[in-house]
Amino acid sequence: MAAAASALENEKDSKKLRYAFGNVLSLFILLLIGVLAFSIRLFSVIKYESVIHEFDPYFNYRVTQFLTKNGIYDFWNWFDDRTWYPLGRVIGGTVYPGLTLTAGSLWWFLNSLNIPLSVETVCVFTAPIFSAIAAWATYLLTKEVKGTGAGLTAAVLLAMVPSYISRSVAGSYDNEAVAIFALIFTFYLYIKTLNTGSLFYATLNALAYFYMVCSWGGYTFIINLIPMHVLLCIVTGRYSSRLYIAYAPLVVLGTLLAALVPVVGFNAVMTSEHFASFLVFIIIHVVALVYYIKGILSQKMFKVAVTLVVSVGMVVCLAMVAVLVALVASSPTKGWSGRSLSLLDPTYASKYIPIIASVSEHQPPTWPSYFMDINVLAFLVPAGIISCFLPLSDASSFVVLYIVTSVYFSGVMVRLMLVLAPAACIMSGIALSEAFDVFTRSIKCQLPELLSDSQPGAGDMASGNTVVHNDTVKVDKHSNAEKNDETVKERPSKKNRKKEKEPVEKVSIKSRIEKRLLVLPLETSIIAIVLLILLGAFYVVHCVWAASEAYSAPSIVLTSHSHDGLHVFDDFREAYAWLSHNTDVDDKESILTSLNACVLMGIPILINTHGPLSVFTVQHSLAVKTNKLVASWWDYGYQTTAMANRTVIVDNNTWNNTHIATVGTAMSSPEKAAWEIFNSLDVKYVLVVFGGLVGYPSDDINKFLWMVRIGGGVFPHIKEPDYLRDGQYRIDSQATPTMLNSLMYKLSYYRFVETDGKGFDRVRRTEIGKKYFKLTHFEEVFTTHHWMVRLYKLKSPKNRIRGKAKKSKSNQKTSSTARLKSADKIKKNPWH
Amino acid sequence: MSNHLSIIFLILILLPFLTQSFSPKKVLILLDDFSLKSSHSLYFTSLKNRNYHLDFHLATDSNLKLSQHGEYLYDGLILFSPTVQKFGGSLDLNSVLGFVDSGRNLILAVDESASDLVKEIATECGVDFDEDSGAVVIDHGSFADGDHMLIASDDFIDSDVILGKEKIEAPVLFKGIGHALNPVNSQVLKVLSASPWAYSANPESKLSSPPSLTGSRISLVSVVQTTLSRVAKASETLCLVLPDNIGFRRIKAIALFSPDDFKILQARNNARILISGSLDLFSNRLFKSGVQKAGSSTNEELMGKPTFDDRYLRSGNEQFTTELSRWVFNERGHLKAVNVRHNKVGETVEPSMYRITDDLEYSVEIYEWSGTSWEPYVSDDVQIQFYMMSPYVLKTLATDKKGLYYTSFKVPDVYGVFQFKVEYHKLGYTSLSLAKQIPVRPFRHNEYERFLTAAFPYYGASFSTMAGFFVFSIIYLYNK
């Protein structure tokens, strides 16, 4: 007896030690995962430089700068007069502040620790830091669903999933960088609450949801997915008080908190995106009431009560639904914002809102992009779903629902692939870890037997197992999951989960019998493990490639490899630098400040005048206040304000369709009409991105049709067919006259023929249609080294207006010959 | 150290203006031959008497130059050389037009012998001559001395600013070619029109088709006031650089160092051009000759009314041309706006930004050049716009008769980048276009009302719920 007791104690001790060891090991692994997630995103910094990427990040960077300089209240009340001239934009009320506040407080924290990092550095590295945290959150979430092994696998998969890398490389300072972490963490806390029924976690969940609302418009995904899951649980008869605690506080607190974010405000209760949560909120209360009544009433009484309540409830519900429908139907968009509508009806945007459809990341993805973005996970996901059904717990049903909905959404918009990525990682993590479980256990079971002696039983078992191969796996998983279910219902302990690691000798007889059934043949297991490792290796190789090659380009600096080496195209920054350095405003400002300074210093000015001082002050303030207005397509708005510090007409925050349509109309109009539009908006410069010389495909000519569509949507005199020859978009000599005379065409191809003598466009792979022409209302002021950005200035209106000029014909002749002569003289493009 | 530097800098900047302030304005006069100097001496004398320094040259003089080292040498140019085919020296069509574009003034006289070059200058300024180069204005109704090509016209433009307060009684004698104005051109004004029965034709040839220019569409003398919108050159800029980058609506006529500094102002300002279809208009002969308008009474005669003897001893030419030259050389109708101020009511500092529904005050001072000094300009039709894509506020400015125009209004309940705009375009006067950007922001988060009366039921509801819950909890927990 004593021996048995001591053996038991011994066993306990060794178990404890092993758990401690396991914990330390998984902590260490998590640390490594964090390092991996952070460092795989540094390719952009190493290969290029520590610089903010793309378009939106520049805006976020500018906002962060403002925040760090002026504090949170000024940020909240910031009215920006540099964008959307002359409307301006209330930045504080129209921006999701989560990212900015996160980076801002990070910067503040570091500075208060006397680590003097620049705001830009902090912004550049925010995304990698948060992807490490997101990987940890994934670990937590998956651990809640399927245990530590699955959690670690999922975390390591997420740390390097290309889809997420594309949005979170160093420098990609965008909302998604922190939002994905917030998304996963909110889901984790929801599952945690669901598993524990703790109000503490429910409150944390609401706070995490608040952070998500602060960070990204994608929070609507959470507030729709969780109600869906709650509804699913109720329908499948899985209602419990834990479910109630997980859901009800989230809706109440979450909605209150969400309404605090200025950009959401009353939308949290007014728009249809949130209605599902309220509906489910009502339903869960009804269900809770029913369960409560069921508990206190006898069976018979309950039936009577049910019929009563159902009949009354139906009437009330119908009335409410009617009111709701009437309310929603009375609003023109049916209460849904355009982006959400295009989610539900993928053809909605292309039909009605060209401005949404024009963005490439709002297009449906192609099949290769799935392979590119989630790679082998796409194949592992089904296996993960299957293992989630064995058995189906509340938590696993949630991740199944998550993957199903996100697969649908990613199919609608390429951008939402990002939401799919964590789900795919979780599923694949579960699948991989379950598979490894099975295979390693099989090996473990058989190794000792093989080593000791070739027992005849082994062969029997193997042969028997090959027959019932599939069943055993299922049974195994079932049993394993049953254990999980138990843990879920009791307190989560790691006891049962570590079983597979126990030496076979110490397993009780009962479990030994069970295990014997679940063992796969040794060879099969080994081969399968090797194959799985190979698969993982492929994934890693692909991810590293994607991180280093595909997704690390900052898009403001471009590179290309050719036979004569590496070319770097830094045209954007060249153009923005030119803009910020070459304006009279700044010259004046400096001179006037010096004058102003001496006036302020009390030096008398010996002129009899009506107050030079006042004149100076007037001019000074004007010089400071007024700014060169730059018109460009909205893609370049954020960069222009952030990098060139110039006022723009439209930018990437596409809040005013009419304003964008005005610019689109100007770009698609002939020169004179365009000049008038721009002049009425006080525009000074027009910026055009042109890729024809170097073959940069995302230039304005390729976006031009969208300008026409968006412009035509508001100003019907712009008609798309006018720009198409037989439905084809072309810029060669077959192009329509409207196309050839449009401002965009002219500004893009002005003097282009001088580069090679033929005007061969390398993007469209054709010779341009109109080669020799003069600009009458615009003048070229700057063209970058590779002609990628071209800046034009609006000519001032003429001083004198000519008489009707009888001699105009002869004049034109002389001027045209003069132009031809001068065209010969003009120097060649330096690039050649 | 930097103080001293900036003082030196300042003095250096101011030096040219201080020295230039009181020098007479220089006018270059180009002639076909010097006999014109005596035949038109009365006109030139009147200019000289008004302190103009006249510089006579033959139009073909090979030493002609308008500018030196990028600086114009003259303030005005008189082209009394209709026949010149090609200017001498560095002068050509473009340099004359550049001179005009720089805001300087031009008097141009042509006649039936006018060369293409001179006509082209006029055309560039916005007038069209008859296609037939031999055509002259013929009037069988109102002519003088029995010459149907010597027209007596009294169809003046109705503007005190251009022609002076004193009414021109006698008709003006005119002998030369007529021109038409480009109807889309609002800069050109007909100062002297032909009578309704005048026409433009070649007297030598027989009229085979109806003349293209007829009636009062013919302008005999026109003036042009260009709207200057060129960016000033850096060398000229400094003191007056007027923020010309508020879109295209620049402040054109603001801010001078010295009120006497004629030249500077002009350089910033609208160029004025006089185009006359007749060189003889300015001649001593027509100045002195008496006039009886032969045709003026014809109509009445036909209607059986008694003949009205309108015989004048001297024609109106002298008064007409002199008054016109006053206008062209900016002695009249020349405005400047200075000291644009705006501030919140009750404050004096100019804010960099307004809030919606702020009350603000705006003031500007407008002066008119009287020939010797800047006098307050008095008018009751100066308006201000508070403008963002369209005017949100349009108000007439009140004046204190001392040049100050002011008003106050409430900023509309719309945020955005607004402009204070004064667009003052009055016949004969300098166009004033003042624009000044000012952003208008929405309320700050703490500028809203803290407690709304309408929301009291809701406050009540939430607090009573809280209290109720508290009471409920106590009863539930301790009442067992």
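The values are calculated or read from the model by the stated rules, or taken from the named source; none is laboratory data. The model shown is predicted, which means the values in this text are computed figures rather than measured ones. Glycine also receives a Cβ, built like all others from the backbone with ideal geometry; neighbour counts cover every protein chain displayed.
On inspection, A:F66 does not qualify as farther than 17 Å from A:C123 by Cα and among the hydrophobic types (A, V, I, L, M, F, W, C). Residues that are β-branched (V, I, T) and crowded, with 17+ Cβ neighbours inside 10 Å were ranked within the stretch B:54-110; the one that is farthest from B:S38 (Cα to Cα) is B:V100.
Residue under question is B:R450, and the condition is that it be at pLDDT below 95 and surrounded by 10 or more Cβ atoms within 10 Å (Cβ to Cβ); does it hold? No. Scanning the stretch B:347-355 for residues that are away from chain A (no Cβ under 14 Å) and over 16 Å from B:H425 (Cα atoms) turns up at least one hit. Scanning the stretch B:39-56 for residues that are in contact with a helix residue (DSSP H, G or I) (Cβ under 8 Å, 6 or more places away or on another chain) and more than 18 Å from B:D75 (Cβ to Cβ) turns up B:S39, B:H40, B:S41, B:L42. Filtering the stretch A:300-315 to residues that are within 13 Å of A:L289 (Cβ to Cβ) and loosely packed, with under 11 Cβ neighbours inside 10 Å leaves A:L308, A:V312. Within the stretch B:368-397, the set of residues being under 19 Å from the mean Cα position of the chain (by Cα), within 12 Å of another protein chain (Cβ to nearest Cβ) and at pLDDT 90 or above comprises just one member, B:P376.
The criterion of at least 3 residues that are among the hydrophobic types (A, V, I, L, M, F, W, C) and surrounded by fewer than 20 Cβ atoms within 10 Å (Cβ to Cβ) is met, among helices (runs of 4 or more DSSP H) falling completely within the stretch A:1-92, by A:2-39, A:56-76.
Among the residues that make up the stretch B:420-432, is at least one of them at pLDDT 90 or above and farther than 24 Å from B:Q187 by Cα? Yes: one or more hits.
Taking the stretch B:2-50, which residues are at pLDDT below 85, under 29 Å from B:T372 (Cβ atoms) and more than 10 Å from chain A (Cβ to nearest Cβ)? Once the filter is applied, which keeps residues that are at pLDDT below 85, under 29 Å from B:T372 (Cβ atoms) and more than 10 Å from chain A (Cβ to nearest Cβ), the stretch B:2-50 yields B:L12, B:L15, B:P16, B:T19, B:Q20, B:F22, B:S23, B:P24, B:K25.
Of the numbered criteria (1) more than 28 Å from the chain's Cα centre (by Cα); (2) in a strand (DSSP E or B), the one B:V84 fails is (2). Within the stretch A:628-651, can you find the residues that are under 23 Å from A:S668 (Cβ atoms) and assigned to a helix (DSSP H, G or I)? A:W634, A:D635, A:Y636, A:G637, A:Y638, A:Q639, A:T640 - these are the residues of the stretch A:628-651 that are under 23 Å from A:S668 (Cβ atoms) and assigned to a helix (DSSP H, G or I). Of all the listed residues (B:K175, B:K206, B:K190), the sole one being within 15 Å of B:T321 (Cα to Cα), free of Cβ contacts under 8 Å to residues at least 40 places away in the same chain and not acidic (D, E) is B:K190.
The residues of the stretch B:119-128 that are at the interface with another protein chain (Cβ under 7 Å from one of its Cβ atoms) and either at pLDDT 85 or above or not in a loop (DSSP other than H, G, I, E, B) (or both), listed by number, are B:T123, B:E124, B:V127, B:D128.
Among the numbered conditions (1) in a helix (DSSP H, G or I); (2) within 25 Å of A:A577 (Cβ to Cβ), the only one that A:F782 does not meet is (1).
The set of residues in the stretch A:84-98 that are facing chain B (nearest Cβ under 10 Å) and either under 25 Å from the mean Cα position of the chain (by Cα) or not hydroxyl-bearing (S, T, Y) (or both) comprises A:W84, A:P86, A:L87, A:G88, A:R89, A:V90, A:G92, A:G93.
Restricting to the stretch A:720-729, name every residue that is surrounded by 15 or more Cβ atoms within 10 Å (Cβ to Cβ) and part of a loop (DSSP other than H, G, I, E, B). Result: A:L724, A:Y729. Candidates A:S454, A:S410, A:S387: the one that is modelled with pLDDT under 85 and either outside any helix (DSSP H, G or I) or among the hydroxyl-bearing types (S, T, Y) (or both) is A:S454. Among the conditions (1) under 14 Å from B:I366 (Cα atoms); (2) within 11 Å of chain A (Cβ to nearest Cβ); (3) in contact with a helix residue (DSSP H, G or I) (Cβ under 7 Å, 6 or more places away or on another chain), B:Q437 misses just one, which is (1). All told, A:T626 falls short of being at pLDDT 50 or above and within 11 Å of chain B (Cβ to nearest Cβ). Entry remark, the stretch B:135-186: residues being assigned to a loop (DSSP other than H, G, I, E, B), buried (at least 22 other Cβ atoms within 10 Å of the Cβ) and either within 27 Å of the chain's Cα centre (by Cα) or not hydrophobic (A, V, I, L, M, F, W, C) (or both) number 6 in total. Summed over the stretch A:760-785, the residues that are surrounded by fewer than 21 Cβ atoms within 10 Å (Cβ to Cβ) and more than 14 Å from chain B (Cβ to nearest Cβ) give a count of 18. The residues in the stretch B:101-118 that are at pLDDT below 85 and touching a Lys or Arg at 6+ places or on another chain (Cβ under 7 Å) can be counted, and the count is 2.
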